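Participant: There's a structure below that I have some questions on.
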Amino acid sequence: SIAGLWHRCLIFVPTWNGDDLDITPRQGHVGPEGLKAAAWGSILLLVAVGLVCSWKSNGDQANVAEPSALALEFGLVLILMVLMSPHSSKPHFCTLVLPGFCVARATMAWPNRRMLAVVVAAVLCALVSNKDLVGEQFYAWGKWYGVLATSGLLLFAGSCRILIGRGRGVSTEAGQIPGEMRPRQAA
């Protein structure tokens, strides 16, 4: 969760002791008021951004290949639930499947490299949370620095971008409408 990530980063310092990750209190760490301000400020900012993106969204279905605005908005709610929860754990992040698929589907419909980079980064962050796949040290490092929260934040940003950019001609090629792909010509 966002509060847990702030708590780890502002109160403690991770150091490697051989194969173990030792956590020591930070010298002159932030007090409870500063920690609350950082956590609540981040949470309120995320909620405000989500509301603005939903409000600015062109709810009309611009293209059948894109996810609906309703699915994207539900995805935002799921992401915020996990990020705002005081006790999030790895199993809670399975709820990010909906926003993940929505962002991936829009990425396939839009020829946009930045959205593809967001999807790839979110997937890589999620994969780091698998100890058997990446190893003990990389897993511990990723868990400490909140790779799952980062994955959620990336999907949140991607969902907001899709909601705002729907039907407004957002793409990497000038004059091209999202989801409308011109056939590539052979070289």
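The values are calculated or read from the model by the stated rules, or taken from the named source; none is laboratory data. Just so it is clear, the structure is predicted and the values come from calculations on it, not from any experiment. Every residue, glycine among them, receives a Cβ derived from its backbone with ideal geometry; neighbour counts consider all protein chains shown. With ligands, DNA and RNA removed, areas are computed over all heavy atoms of the protein, side chains included. Shrake-Rupley method; radii C 1.70, N 1.55, O 1.52, S 1.80 Å.
Participant: Working with all protein chains in place, sort Tyr145, Tyr139 by solvent-accessible area computed with a 1.4 Å probe, largest first.
Facilitator: Details: Tyr145 100, Tyr139 30 Å².
The ordering from most to least exposed comes out as Tyr145, Tyr139.
Participant: Among the lysines, select those whose C-alpha is under 16 Å from the C-alpha of Lys90, and discard any that sit fewer than 8 residues away in the same chain.
Facilitator: Lys90 reaches Lys131, Lys143.
Participant: I would also like to ask the following. If you average the sequence gap of Cα pairs under 8 Å that are 6 or more apart and divide by the length of the range 1-104, what percent do you get for the contact order?
Facilitator: After rounding, I find 28 percent.
Participant: Continuing with the same structure: Which value in nm describes the separation of the simple spin-label points at Trp40 and Met81, placed 7 Å from the Cα toward the beta carbon?
Facilitator: Taking the two extended label points, one gets 2.5 nm.
Participant: Taking amide H atoms as placed 1.01 Å from N in the peptide plane, list the residues 5 or more away in sequence, or in a different chain, whose amide H sits under 5 Å from that of Val13.
Facilitator: The answer is Thr24, Arg26.
Participant: Rounded to the nearest 0.05, what FRET efficiency is calculated for Ala117 and Phe74 with R0 set to 22 Å and r the Cβ-Cβ distance?
Facilitator: 0.40
Participant: Also: Ignoring everything but the protein chains, give the 1.4 Å probe accessible area of Leu5 in square angstrom, nearest 10.
Facilitator: 30
Participant: So how compact is the range 1-141: Cα radius of gyration and Dmax in angstrom?
Facilitator: Calculated on Cα positions, Rg and Dmax stand at 18.1, 56 Å.
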